[in-house]
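Visitor: Provided herewith is a single structure, encoded as structure tokens, for subsequent inquiry.
The values are calculated or read from the model by the stated rules, or taken from the named source; none is laboratory data. Keep in mind that what you see is a predicted model, and the values were worked out from it rather than measured. Virtual Cβ from ideal backbone geometry, glycine too; neighbours counted across all protein chains shown. Areas reflect the complete protein model, heavy atoms only, side chains present, ligands, DNA and RNA absent. Shrake-Rupley method; radii C 1.70, N 1.55, O 1.52, S 1.80 Å.
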Amino acid sequence: MASAPSNVDLAALMRVRSLELRARLVMEGFWKGMHRSPLHGFSAEFSEYRQYVVGDDPRFIDWKVMARSDRSYVKKFEEETNLRCQLLLDASSSMAYGSAGFSKLDYAATLGATLGLFLKEQGDAAGLTVFDEKIRDHLPAQARSGQWHALLVNLQKAAASPVAGGPRLPLRPLGEMIRRRALLVLMSDFLMPLDGLDQDLGLLGAMQHDVVVFHLMDPAELDFPFTEGAQFTDAETGRQLLLDPTTARASYLKRLNEHLEKLRGICARQGAEYRLIRTDTPLEKDLFDFLHARRHLAARHRAAPRRAA
């Protein structure tokens, strides 16, 4: 299956006040939308092997994989195979924007809660870091009882905050806090300067983290459907500008597409998976597409790891 049909009305879902109930409804729609699950054993398949490093016992090298790839991989011990996932949530003020009755932050929190629930049911560890220009809350990834509800509490109290001069991703401090290899799921609208992102993502890659970028954008930000003159306000700086949308649209979309291409290029160079997500997309489709792609990626790495340059 390349996609899954939507079973949950997004507008109705986002009117549900309980974040826990929202996540459970999305999960229910996710499972109902699948004729069969391609995700059985997801975490074990994803992290069954890791690359050999100096100090590993050579007895655990998988020689069959080495024969196919000329690279040394070792099988992990059982306690190493559980996935550790840290959700990174941007709570800067631009995330408060929403054109359909709910904000990008509401959407991201629901997506994060649903991913957390999926990981909980897989027996994997999930954590949450909320940031603007600095780290505001940090719940380390764990698989303990009650972890998902602790994650929900942190998601529910996350509120978009103004940031003087616009946000900066605090990826270096995050790298210092998350020492053990993890899947880092970064949820942001990236309405910020991208200077330094290339280097920071490279640092996370060097620490063996697997980074996934969920680029959340409101449909009005992507399509710029405005037709009447209006005063637009920069959510981060408060700057106001009176615009005629019919004359500004072409310039806006050109600059937006340049920004998107720059972000995609940075992610590609640093090996981070990039996913542009419109906040009018059903959340169970986001979840299906992400996990379906991860399984196929894991299968390709097991069958034929890339040769060293």
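Visitor: Please list the non-local residues whose amide H lies under 5 Å from the amide H of Ile277, H modeled 1.01 Å from N, same-chain partners needing a gap of 5 or more.
Guide: His215, Leu216, Met217
Visitor: Still on this structure, I have one more. Compute the length gained on full extension between Ser161 and Ala268: take 0.36 nm times their separation in residues and subtract their Cα-Cα distance, giving the result in nm to one decimal.
Guide: Length difference between fully extended and current span is 35.5 nm.
Visitor: What full-extension length gain, to one decimal in nm, is calculated for Met177 and Arg239 as 0.36 nm per residue of separation minus the Cα-Cα distance?
Guide: Difference between extended and current length: 18.9 nm.
Visitor: What nm distance separates the two modelled labels at Gln142 and Glu258, each placed 7 Å from Cα along Cα→Cβ?
Guide: 4.8
Visitor: Still on this model: Give the carbon-plus-sulfur fraction of the accessible surface of the range 173-273 in %, rounded to a whole number; probe 1.4 Å, heavy atoms of protein chains only.
Guide: After summing per-atom areas, the C and S share lands at 51 percent.
Visitor: Taking 0.36 nm per intervening residue step and subtracting the Cα-Cα distance, what contour gain separates Ala220 from Glu20 on full extension?
Guide: Going from the current span to full extension adds 69.2 nm.
Visitor: Just to confirm a number: summing +1 for Lys and Arg and -1 for Asp and Glu over residues other than Leu276 whose beta-carbon lies under 14 angstrom from that of Leu276, what do you get?
Guide: Charge balance in the 14 Å sphere: -3.
Visitor: May I ask you to rank Thr237, Thr129 by accessible area, largest first, using a 1.4 Å probe over the protein chains only?
Guide: Thr237, Thr129
Visitor: Report the FRET efficiency, 1/(1 + (r/R0)^6), for Gln231 and Lys134, where r is their Cβ-Cβ distance and R0 is 30 Å, rounded to 0.05.
Guide: 0.50
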